[in-house]
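Data first, discussion second: the structure below is written as structure tokens.
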Number of protein chains: 4
Amino acid sequence: MMSKKIKVGIVGGTGYTGVELLRLLAVHPNVELAAITSRGDAGLPVADMFPSLRGYVNLAFSDPANANLNQCDVVFFATPHGVAMSQAQALLDANVKIIDLAADFRLQDTAVFEKWYKMPHSCPEVLKNAVYGIPELYRAQIKSAQVIGNPGCYPTTVLLGLAPLLEQGLIDFSAPIIADSKSGVSGAGRKAEVATLFAEASDNMKAYGVSGHRHHPEIHAQLTKLANNDVQFVFVPHLIPMIRGMLSTIYVKLSEKANSLDLQALFEARYKNERFVDVLPTGVLPETRSVRGSNQIRIALHKQVSSDYLTLVVVQDNLVKGAAGQAVQNMNIMFGVAENTGLEVVPLLP
Amino acid sequence: MMSKKIKVGIVGGTGYTGVELLRLLAVHPNVELAAITSRGDAGLPVADMFPSLRGYVNLAFSDPANANLNQCDVVFFATPHGVAMSQAQALLDANVKIIDLAADFRLQDTAVFEKWYKMPHSCPEVLKNAVYGIPELYRAQIKSAQVIGNPGCYPTTVLLGLAPLLEQGLIDFSAPIIADSKSGVSGAGRKAEVATLFAEASDNMKAYGVSGHRHHPEIHAQLTKLANNDVQFVFVPHLIPMIRGMLSTIYVKLSEKANSLDLQALFEARYKNERFVDVLPTGVLPETRSVRGSNQIRIALHKQVSSDYLTLVVVQDNLVKGAAGQAVQNMNIMFGVAENTGLEVVPLLP
Amino acid sequence: MMSKKIKVGIVGGTGYTGVELLRLLAVHPNVELAAITSRGDAGLPVADMFPSLRGYVNLAFSDPANANLNQCDVVFFATPHGVAMSQAQALLDANVKIIDLAADFRLQDTAVFEKWYKMPHSCPEVLKNAVYGIPELYRAQIKSAQVIGNPGCYPTTVLLGLAPLLEQGLIDFSAPIIADSKSGVSGAGRKAEVATLFAEASDNMKAYGVSGHRHHPEIHAQLTKLANNDVQFVFVPHLIPMIRGMLSTIYVKLSEKANSLDLQALFEARYKNERFVDVLPTGVLPETRSVRGSNQIRIALHKQVSSDYLTLVVVQDNLVKGAAGQAVQNMNIMFGVAENTGLEVVPLLP
Amino acid sequence: MMSKKIKVGIVGGTGYTGVELLRLLAVHPNVELAAITSRGDAGLPVADMFPSLRGYVNLAFSDPANANLNQCDVVFFATPHGVAMSQAQALLDANVKIIDLAADFRLQDTAVFEKWYKMPHSCPEVLKNAVYGIPELYRAQIKSAQVIGNPGCYPTTVLLGLAPLLEQGLIDFSAPIIADSKSGVSGAGRKAEVATLFAEASDNMKAYGVSGHRHHPEIHAQLTKLANNDVQFVFVPHLIPMIRGMLSTIYVKLSEKANSLDLQALFEARYKNERFVDVLPTGVLPETRSVRGSNQIRIALHKQVSSDYLTLVVVQDNLVKGAAGQAVQNMNIMFGVAENTGLEVVPLLP
């Protein structure tokens, strides 16, 4: 057990991933919240913006200039894309670890990054050593990482859904992998925009980003890496009228090798020791509310009758396992704390 | 123009398709509502159960035994499966046309019907002459039909989405057609069940029926007919926290022939004269609220870059084009009334 | 019947009252939509912003400068407060009638207007002749009005709920009239704001404006006028996670005179000939969905046992009877068209 | 600190208060879950019904007959009204404490109980010694109680909102106290009923129980006790389309004595040491989501300008402080555990 608390800074604490980090870290037994920055809201007590934190967070937002982030053990960036990479080197020089919840350290190919995020990558050397932060895939590297690129929300569902198949070479790549993903509206962030107003997004659903979503290259890169093979990947995200929750329905063609295997058993074995990955019994399908507020991800698999296609259904809370919870899980690993510390929040149902 | 009104009876007016029929028929200029039956609620004024109809429907529910349905011109069945077929022959003998919103007359193969609906088909002779009620596919037959099997809600989205491709032989059947469909909760009907309570279904989503949904054989039969070919079909329905609205995302592999064609133009041409089918301009994706309360169906198509896969996104109001609106459209055709009569309800947005 | 259509202009068609006017006017048999202006979106086809209007509205937004509003018979202002009064005199000079859905012509006391809307009133002479647009209270004046101040959404529920009592002197003014009002989120308009994002307003409710809401002085002025007496009025609005719908629960102390009267009968008699006011039978309480999309307002009254307090429950669709529907009703009256023309939309339930 | 765990039994674990108890107790450090009974679902693993509890609750529902509740330290009844009183004496004889979340031990006047719950009270002797379980009002009695009548959800908001005024005699009882209360749909329980289906209750609101709600006599009895005076009380509950959350807006006439006091300071002083009661700063109004999933109750007060009326706005999570959370708080007090043990769940926002 640690005797000293981890000093944590949060850059950009006013969005949904920011307040979600605060919800989790405020009661994390090994954490001391040192600073939460916001240029626009410096001076405002955090609990004035988020009254849910009254009695739990007594800090005010501080101006980034005065936040003394250099004295933290780790800094989370819950900021727009591009912020973390501008401050990364200075923090690393001060021996501060970095967990970026934006995209700056997710894509190793800077050309791809620049194409999708419309900005040059300002610290490719830091990027090279950054680790993609899905513990169930890269735990060893996370343990010794200085910089984590915390994954996008969609990728976690698709990658943990497919990993057991990819690792064992059980997918026939002659057909594309298709991920039909559905997200609650909080995934769009806490920005004032007409399209995500209650009166626009409620009692309504839509597909979006069909012609190109930023998580496509991120997922594609990881699939290719896990498959050790180029992969055709079709990805259609949808916006669903719920606050939290993400469900990906994934359709894959199985290789011949797969037909002789008990895939259910294979998935159960693969994730047996993973606290946050729950493979559901055959025939049970997951609901997003079964993980509301928790770091759990649940996976069901269904083999289409008389077919070589497999359907996977994967759910998570997009703000927890899809963002802040996974970030805390990464932090726990980086600092040698039990991986589930601060993350044993029972899902809120109903 | 008709001089005489169509005398309409509704059997089973207490569910959502029933009240939706009433909403449309109450102000239909060519309709006289003659009887609405409900065994359990006989005597109750319809507007006491559905206060939205106060001032529009003055009838009370009548007992089926006393409803004199024989004197109607047409009877809609908004009942559980199995009711329409038990009364069909008697009505036909009295020269009454039938539009069944349940499944009794949707599946020509009675063995398939019996497998999925767990009851024998009691009037196979009537079934033989029944027409599957999608006007955009079977308008000529509907015109002279005595019995309409009004389609299930999901099938209309999938079939109208795929018809232009199937009719032209543009699908490569070596890969399955995949329909990932999402429905609002009203699709489950107005039955008291825990799973569709507000506190269960709100802020939540799930896939269901992965191992077999009754609309699978219905869609499969129609696809096979339109394709003149056996078709692999993967269908995963999802329950979405909204009252109305259905969105199907359909993934198909195109045949080589398709690659030289302008599919957008082909869809626009196919549906140019269809009042209720709207092919969206390239790059525009539909939202379910854009059809809320209306008989419109909207279709978008997107060709995956450097791929032979096409994605279709189709939306409708599951209770209108997916049920009662389409039934009224069928009635209009059967009685020689302009097809859009009573159906020019502007969608309710927001 | 009119032979010539009413030429209608809409200033500011991009908000919720604007699109709601369009929904109703697009199929109004006596209306020709001549122009819809929007400075920011000039040139954009209206149906591109609101796809629900595809096939119904073929106009594009026009720049106010080029809209030739002078050639309209009537112009609706669905704009922020202050716009209508800046253009009113010029339109009146061109013999164009005005229906303002903002607050410019609601408050006869310009000092009160200036206090609550933080701007001077720029045309007090026009204001003097403006009529407060609740047909059930001021039909005769509306008939001959050139300028209508269309009421705020909350006031219509409170005023129509209380009018029968006020007109008969049945309220004891020693206690305040208390209106506890609840509104769907569309009442906040189609402005990009954090507080009305789906992820903020869904699964959440709150009171707001307790220390002062702009509809307080508006209601207070009308109550005072109807009561011919100064009235204490306590008003607490609440924001409810639904798109449309408004419910006001009103608590009043009855005068002694009221105790000998059948109030239910009095309300029924008062509104017997009002197409859009529905007094519910004793013991029945209204739901907001029973008026969704319609111009109906429903009222229930309940006398507290062994008490001299009366509770009124009033529901309307805030965008219809609370805004655009009432505006169309006013237009119908001003142009001698049957009052319900274009307003017989059956409520959308479920 | 306790060395031994509290052995807990739950009777009727399949409703919303049952699963909420499980959510809280599953991770309560001083609790051992011994049995959860359900006649209808005996044998079913609890986590099969509530997948949110996978990994947290390994028990199956047991038949009440075999549950050995006599060996528990405390039994919670999350059952319909009438169950607890039928088993109370036997459990007390076995030295088991009882916390009833239904109404059996809330009303000391058995005639009132019988009138509202339509059943005779079967153990008036036990009732006499039962304590009404609001710790902030009756902590000392709870400490030594054998039987707790855990309050209804509405009463907690009204009573904690008014207690500081009642205790100090600051209300003028010549006017009624009016509580306009709004509840999320989970308050109606997990029973299969049409009225609380998603498609009925979503995008909809209504008042209900205007002519008599069971919480009226409960609140009235407590108000009278706290006031030491008979109190006129008007109570109108409303159903709001949200899963959890309750907001009561309370209107009271202040006594003259109140006018010279700083009521804000008085409330803050009254609740200064109460972990779960949060008096908001002047001018801040609470949202229900600020307490989602937590045992917190938040209170705001607003003095109407130039008036002797005070408006209180009180929010809680109806399933936590309004039910299961308060029950756990009572248990903690009864067993000498720190009152907030197991209840420091940060509210889930967004």
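A few comments on the model shown:
- Segments classed as strands (runs of 3 or more DSSP E), wholly inside segment D:1-93, with at least 3 members that are of a type in the set (A, V, I, L, M, F, W, C), surrounded by fewer than 19 Cβ atoms within 10 Å (Cβ to Cβ) and modelled with pLDDT of 95 or more: none
To keep it simple, each residue is scored yes or no on (1) crowded, with 23+ Cβ neighbours inside 10 Å; (2) touching a residue at least 40 places away in the same chain (Cβ under 8 Å).
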| position | (1), (2) |
| --- | --- |
| B:Q141 | no, no |
| B:A145 | no, yes |
| B:T156 | yes, yes |
| B:P164 | no, yes |
| B:L170 | no, yes |
| B:I178 | yes, yes |
| B:L197 | yes, no |
| B:A201 | yes, yes |
| B:M205 | yes, no |
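- Restricting segment A:276-293 to residues that are buried (at least 24 other Cβ atoms within 10 Å of the Cβ) and of a type in the set (S, T, N, Q), the residue that is nearest to A:S186 (Cα to Cα) is A:T288.
- Of all residues in segment B:190-200 being within 8 Å of chain D (Cβ to nearest Cβ) and hydrophobic (A, V, I, L, M, F, W, C), the one that is farthest from the chain's Cα centre (by Cα): B:A199
- Selection of segment A:53-84 for residues being polar (S, T, N, Q) and either away from chain D (no Cβ under 14 Å) or in contact with a helix residue (DSSP H, G or I) (Cβ under 6 Å, 6 or more places away or on another chain) (or both) yields A:S62, A:N66, A:N68, A:N70, A:Q71, A:T79.
- Residues that are without any contact (Cβ under 8 Å) to a residue 12 or more places away in the chain and polar (S, T, N, Q) do occur in segment D:85-98, at least one of them.
- Within the option set A:G152, A:G187, being within 14 Å of chain B (Cβ to nearest Cβ), touching a residue at least 40 places away in the same chain (Cβ under 8 Å) and within 30 Å of A:D73 (Cα to Cα) holds for one residue only, A:G187.
- Residues that are within 13 Å of chain A (Cβ to nearest Cβ), crowded, with 24+ Cβ neighbours inside 10 Å and of a type in the set (A, V, I, L, M, F, W, C) occur in segment B:214-235; there is at least one.
- Whichever residue in segment B:312-350 is surrounded by fewer than 24 Cβ atoms within 10 Å (Cβ to Cβ) and among the polar types (S, T, N, Q) and, among such residues, is farthest from A:P241 (Cα to Cα): B:N332
- D:A140 vs. criteria outside the structural domain of D:V277 (by TED's automatic domain parsing), at pLDDT 95 or above and small (G, A, S): yes
- Of the helices (runs of 4 or more DSSP H) contained entirely in segment A:240-350, those carrying at least 3 residues that are away from chain D (no Cβ under 14 Å) and under 30 Å from A:Y208 (Cβ atoms) fall at A:325-334.
- Filter pass, A:V231 being in contact (Cβ under 8 Å) with a residue 40 or more places away in the chain and on the phi < 0 side of the Ramachandran plot: yes
- If you go through segment C:183-200 and keep only what is among the acidic types (D, E) and out of contact with any helix residue (DSSP H, G or I) (no Cβ under 7 Å at 6 or more places or on another chain), you end up with just C:E193.
- Among the residues listed as B:D203, B:D180, the single one being within 14 Å of another protein chain (Cβ to nearest Cβ), at pLDDT 95 or above and out of contact with any helix residue (DSSP H, G or I) (no Cβ under 9 Å at 6 or more places or on another chain): B:D180
- Test: residue in segment D:127-144 that is within 13 Å of another protein chain (Cβ to nearest Cβ) and of a type in the set (G, A, S): no
- Complete set of residues in segment B:246-286 that are out of contact with any Phe, Trp or Tyr (no Cβ under 8 Å at 6 or more places or on another chain), without any contact (Cβ under 8 Å) to a residue 60 or more places away in the chain, over 17 Å from B:V305 (Cα atoms) and among the charged types (D, E, K, R): B:E268, B:K272
The values are calculated or read from the model by the stated rules, or taken from the named source; none is laboratory data. Every value quoted in this text rests on a predicted model; they were computed, and no experiment measured them. Ideal geometry is used to build each Cβ from the backbone, glycine not excepted, and the neighbour counts take in all protein chains shown.
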